[in-house]
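Take a look at the structure below.
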Amino acid sequence: AITPVEPCSPVGSRASDSSADLDVVGGRVPEEEWRLQDANAAHRVSLTRPPDSDNELIKVAARHGPPGILAVLRKHQDYSWFVVLAFRAMQTCLGPRPPSGPLHNLLRGCDPVAFAVQMLELEMIDEIFQLMRYYSHVRDVQHHGLAIMEILIMDDPEWRDEVARKGGVSVVCDIAKERKDNQGLMCQVMTVMAYLAAEDYIEVMLCQHDALHYVSHVHKHYAKNVELATRASLALLNLTVCELHVEELMEKQAIPLVLMVMDLHSDDIHLIIILMGVLANYSVKADVRQFLVKEQVLPRIADAMRIDQRNAVLQTACLKALVNYSTSVEHYMIMDDLGIPNLVGQVMVDHAEDQGIQKYGNYFLGHHTSCPIL
């Protein structure tokens with residue numbers, strides 16, 4: 001049998017001296033001790049998540065460029081916090097320059113365009129994607145990795161090709177799958193999808209990885225978040241250029257989600273303009289037009305036109321959404337009851353010098369036999 005033994009304090013320890021470790025009242029830790037503990041905790045946090053002004057890797061990236069930060073990253077890639085700092089350094093060197101502050105002078109000699117070109121030459125996106133996959137459980141790695149992708153592909157078709165060629169589509173869609181309820185990351189995912197889908201072949205690749213499902217999930221569950229809804233709508237705009245993708249949304253019963261977003265943000269002109277583009281893409285399919293008419297899309301478009309009749313961009317977007325409905329007598333009669341032809345005529349008068357409004361207004365009024373919207 002095992003005989004129980006009374007626990008004893010280690011030799012030289014102060015565990016038995018209660019008066020030295022505990023406050024007299026209630027056995028609490030003295031104030032000066034917990035203040036020291038808080039200071040130590042703050043110091044540890046600053047080491048792994050320092051502000052940009054204390055991130056030494058930004059200096060490495062700015063002074064030595066992509067080759068320097070890549071060499072350091074490869075040496076210490078076993079530590080997720082180090083990867084986060086390295087990714088943040090790349091993002092800072094690629095992004096807009098602060099007008100003032102400690103980083104202003106440091107980044108003055110770092111050209112973001114040249115930095116991106118060097119990254120392309122070194123095929124650095126390979127390393128970034130590998131680390132994003134390896135640290136898929138670390139949110140900050142995903143956050144800064146997506147930020148780097150967003151900057152690189154924003155205005156550069158060559159970088160979009162590089163990202164697609166290196167497997168970026170699956171990386172982005174895997175993040176969407178694993179973190180579809182993280183609104184912050186999904187904002188980034190939707191933005192990256194929107195930029196990538198600007199290339200037709202990448203639009204197809206994204207939809208092969210269920211991108212439409214993730215966009216619909218955002219619209220269904222987070223439509224009240226105007227920023228997330230706007231970015232998802234922009235992604236949807238570029239993902240529905242292909243008619244097959246409109247059919248897929250019809251099968252998923254996701255077409256009405258756009259109308260729900262319109263109702264929630266009916267006074268947001270920027271979002272309404274994007275949604276009008278989505279409705280224009282939807283309108284190329286006769287069965288989708290018929291479905292949307294039953295869902296009261298035409299009164300919504302009329303209301304959108306009345307938001308600001310002086311806004312030429314808004315009016316052009318609304319006209320693009322309407323023109324295909326004008327080919328049906330049934331739909332035209334509904335629009336006539338809503339006063340839409342009168343609205344179109346007035347808009348054409350108010351914007352007589354705007355070529356886009358005149359072009360799509362004439363299509364709507366039947367002055368041409370066909371309308372190549374896309």
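The values are calculated or read from the model by the stated rules, or taken from the named source; none is laboratory data. The model shown is predicted, which means the values in this text are computed figures rather than measured ones. Cβ: placed from backbone, ideal geometry, glycine included. Neighbour counts: every protein chain shown. Remember, those area values only see protein heavy atoms, side chains included, never the ligands or the DNA or RNA. Shrake-Rupley method; radii C 1.70, N 1.55, O 1.52, S 1.80 Å.
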Just to be sure I follow: if Rg is taken over the C-alpha atoms of the stretch 110-248 and Rh is the Kirkwood radius over the same atoms, what is Rg/Rh? 0.96
Mind checking which of His219, Leu279, Asn362 is farthest towards the positive end of the chain's charge dipole, using Cβ charges of +1 (Lys, Arg) and -1 (Asp, Glu) about the Cα centre? His219
Using 20 Å bins from zero, what percent of all Cα-Cα pairs in the chain falls into each bin? 24, 40, 25, 9, 3, 0
Have a look at the stretch 261-374 and give its Rg and Dmax from the Cα atoms, expressed in angstrom. 12.7, 36
Which whole-percent values make up P(r) of the stretch 184-317 when all C-alpha to C-alpha distances are grouped in 10 Å steps starting at zero? 13, 46, 35, 6, 0
Straight-line reach from Lys294: which lysines fall under 22 Å, measuring Cα to Cα and dropping same-chain residues less than 8 apart? Lys220, Lys252, Lys285, Lys320
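Taking the Cβ-Cβ separation of His137 and Ser170 as r and a Förster radius of 25 Å, what is the calculated FRET efficiency to the nearest 0.05? Kindly include the intermediate steps, with their values, before the conclusion.
Numbers: r = 17 Å, r/R0 = 0.69.
Given R0 = 25 Å and the Cβ-Cβ separation, E is 0.90.
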Rounded to a whole number, what is D in µm²/s for the stretch 80-142 from Stokes-Einstein with the Kirkwood radius over alpha-carbon pairs (4 °C, 1.567 mPa s)? 101
Considering only protein heavy atoms and a probe of 1.4 Å, how much of the accessible area of the chain is carbon and sulfur, as a whole percent? 52
Expressed as a whole-number percentage, the relative contact order of the stretch 272-352 with C-alpha contacts under 8 angstrom and at least six residues apart is 38
Contact order relative to length for the chain, counting C-alpha pairs under 8 Å separated by 6 or more residues, stands in percent at 8
Tell me which lysines have Cα within less than 24 Å of Lys75's Cα, excluding those fewer than 8 residues away on the same chain? Lys59, Lys166
The Cα extents of the stretch 41-187 along the principal axes, largest first and rounded to whole Å, are 40, 38, 30
Among the complete DSSP H segments of the chain, which ones combine at least 18 Å of alpha-carbon extent along their axis with a mean Kyte-Doolittle hydropathy of 0.0 or more? 80-94, 139-153, 183-196, 226-239, 269-282
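Mind checking the full-extension length gain between Glu178 and Met154? Use 0.36 nm per residue of separation minus the Cα-Cα distance, one decimal, nm. Before the final figure, lay out the partial values.
Values: separation 24, 0.36 × 24 = 8.64 nm, distance 2.40 nm.
Using 0.36 nm per residue and subtracting the Cα-Cα distance, I get 6.2 nm.
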For the stretch 248-371: accessible area per residue (Å², 1.4 Å): 46
Estimated FRET transfer efficiency (Lys59, Glu123; beta-carbon r; R0 35 Å; 0.05): 0.90
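Give me the dipole magnitude in Debye, nearest 20, for the stretch 259-313 about the Cα centre, with unit charges on the beta carbon: positive for Lys and Arg, negative for Asp and Glu.
Values: 6 positive and 7 negative charges, 47 e Å.
Value, rounded to 20: 220 debye.
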If contacts are Cα pairs under 8 angstrom and at least 6 residues apart, what is the relative contact order of the stretch 169-220 in percent? 45
Might you report the magnitude of the Cβ-based charge dipole of the chain about its Cα centre, with Lys and Arg at +1 and Asp and Glu at -1, to the nearest 20 debye? 200
